[in-house]
Amino acid sequence: MPDRQLLERVPDGGGHHGARDAVRREAGRPAYLQRLSAQGGVGAATGRHPHIVPPGPGRQTGAMRATTIHAPFDIRSGDAPEPAVQRPTDAVVRVTASCVCGSDLWRYRGEHEFTPDTRIGHEFVGVVEALGDAVTTLAVGDFVITPFVWSDNTCRNCRNGINTSCEHGGGFGMADREGLLVDGGQGEIVRVPLADGTLVSTPTMPTDEQVPDLLALSDVMGTGWHCARGAAVAAGDTVAVIGDGAVGLSAVLSTRLMGAGRIIVMSRHKDRQQLATDWGATDVVEERGDEGAARVLELTDGLGVDAALECVGTDAAMQTAIAVTRPGGRVGYVGVPHGIELPMGTLFSKNIQLGGGVASVRQYLPELRDRVLAGEIHPGRVFDLQLPLAEVAEGYAAMHERRSIKTMLLP
Ligand SMILES: [Zn+2]
């Protein structure tokens, strides 16, 4: 797509094209689009063929910056081959912003095994730079949000709403079923397979302020939303949220949107308590374990909550969630489980339902995107540290040491 058409999609862009207008247009464009032009990306494309984009200045043809994990606590930023369309269903996306996920930290801490020198990152937003011939729902120049896994959105599992079990899908930063590398999200450019099913575009180019909000939809906000849905949170419910990481905080926001009447957040970090309160939490419980559960029961006159949202994945968090749930209540869970042993006897005797799992974020993207674009929610507030992609290792360290709730990376 020629430059002009891209500009006409920009809120402040468009109009006619004298040199002065061009300068004014550039000044009014979001900073990430100006960066894109400088890098020689879509906005600067001069070729008539939309698939051909010249390399950026100062960078060798065929190289881009990408993140790899070499060993526990050893995250590196270096050059990788620039991806290109390899299949007709592919999109090549130039990353506007990416971030570090709590689940990346499991590998970082050496608690999940991995092959050394693996590409990493699965949350990003960006601008479509090239498309395979079979892609019909996207155009070069579109701003897109990706869910943290790619999927066709048409197979039996996707039609049932579980894109994370797509019969043809897969993850970022690893080889696909035929052995072709799918780039990690913590990089400059990503080849996205099954683009029609995976990517959700915005109707216009978002502003700089909207970019973090849209980025949060690629995982944490959709995951918090999934947790609240898993626990069937309904208007007037009393809810407890276990976990004050980015997902737990997003779960607070989600339950408020679903109409919960009382939202108890379990948190002992002041900055996180503040954000939870801004997002609708009515009570804060600082105690943990048995003490924390006792405090939640006290707050609910000994009954327990209608819904407990487990957003951590540890046995302690799950036991707390079950302990604070009233008889006949629901537990939602989205933390990647580590050593959880379910007390079936308690679940049986208290008639507690369990709902959740790995979040099918793709299902929620259109609705959450529209809420962001309408200015209704600002889930990007979970990003409290912003770093250049080259300093990604510091982002991991900051999140590991809990100096940052969630770190955003800019190329
Ligand atoms: Zn599928």
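With no solvent and one point per C-alpha, what does the Debye sum give as log10 I(q)/I(0) for the chain at q = 0.13, 0.14 Å⁻¹?
Taken in order of the listed q values, log10 I(q)/I(0) reads -1.07, -1.21.
As I understand it, the value is the acute angle between the Cα axis of helix 289-299 and the longest principal axis of the Cα atoms of the chain; what does it come to in degrees, rounded to 10?
80
In whole Hz, with x marking every Gly and Pro, tabulate ³J(HN,Hα) for the stretch 366-382 from phi via Karplus 6.51 cos²θ - 1.76 cosθ + 1.60, θ = phi - 60°.
In residue order, the calculated couplings are x, 5, 5, 4, 5, 5, 5, 5, 7, x, 6, 9, 10, x, x, 5, 5 Hz.
³J(HN,Hα) across the stretch 119-133 via Karplus (A = 6.51, B = -1.76, C = 1.60, θ = phi - 60°), whole Hz, x for Gly/Pro?
5, 9, x, 9, 10, 7, 10, x, 10, 5, 9, 7, 9, x, 5
Among 367-377, 353-363, how do they line up from the highest to the lowest mean number of other beta-carbon atoms within 10 Å? Intermediate values should be presented prior to the final figure.
Numbers: 367-377: 16.1, 353-363: 20.5.
Highest to lowest by the protection proxy: 353-363, 367-377.
How do Trp279, Trp150 rank when sorted from fewest to most other Cβ atoms within 10 Å of their own Cβ? Write out the running numbers ahead of the final one.
On the way: Trp279 24, Trp150 30.
Ranking Trp279, Trp150 by Cβ neighbours within 10 Å, fewest first, gives Trp279, Trp150.
How large is ³J(HN,Hα) for each residue in the stretch 152-162, as worked out from phi by the Karplus curve 6.51 cos²θ - 1.76 cosθ + 1.60 (θ = phi - 60°), to whole Hz, x for Gly and Pro?
Coupling constants for the stretch 152-162: 7, 6, 10, 6, 4, 5, 5, 5, 7, x, 10 Hz.
Roughly what % of DSSP beta bridges within the chain run antiparallel, to the nearest 5?
Approximately 55 percent, going by the DSSP bridge assignments.
Once you place label points 7 Å from the Cα toward the Cβ at Thr137 and Arg156, how far apart are they in nm?
2.2
Amide H neighbours of Ala63 under 5 Å, at least 5 residues apart or on other chains, H built in the peptide plane: list them.
Glu82
Return an integer: the convex hull volume of the alpha-carbon atoms of the stretch 224-356, in Å³ per residue. Before the final figure, lay out the partial values.
On the way: hull volume 11.0 nm³, N = 133.
Dividing the Cα hull volume of the stretch 224-356 by its residue count gives 83 Å³.
Would you please give the FRET efficiency between Arg87 and Glu286, computed as 1/(1 + (r/R0)^6) with r the Cβ-Cβ distance and R0 = 51 Å, to the nearest 0.05? Don't jump to the answer; show the numbers that get you there.
Numbers: r = 51 Å, r/R0 = 1.00.
Calculated transfer efficiency: 0.50.
Which of the GluC sites (Glu not before Pro) found in the stretch 137-216 are in a DSSP loop and have at most 12 neighbouring Cβ atoms, other than their own, within 10 Å?
Values: sites: Glu167, Glu178, Glu188, Glu209; in loops: Glu167, Glu178, Glu188, Glu209.
Hits after loop and neighbour filter: Glu167, Glu178, Glu209.
Any read-out appearing in this document is the output of simple, stated calculations on the displayed coordinates, not a laboratory observation. Just so it is clear, the structure is predicted and the values come from calculations on it, not from any experiment. We place every Cβ from the backbone using ideal geometry, glycine too, and count neighbours over all the protein chains shown.
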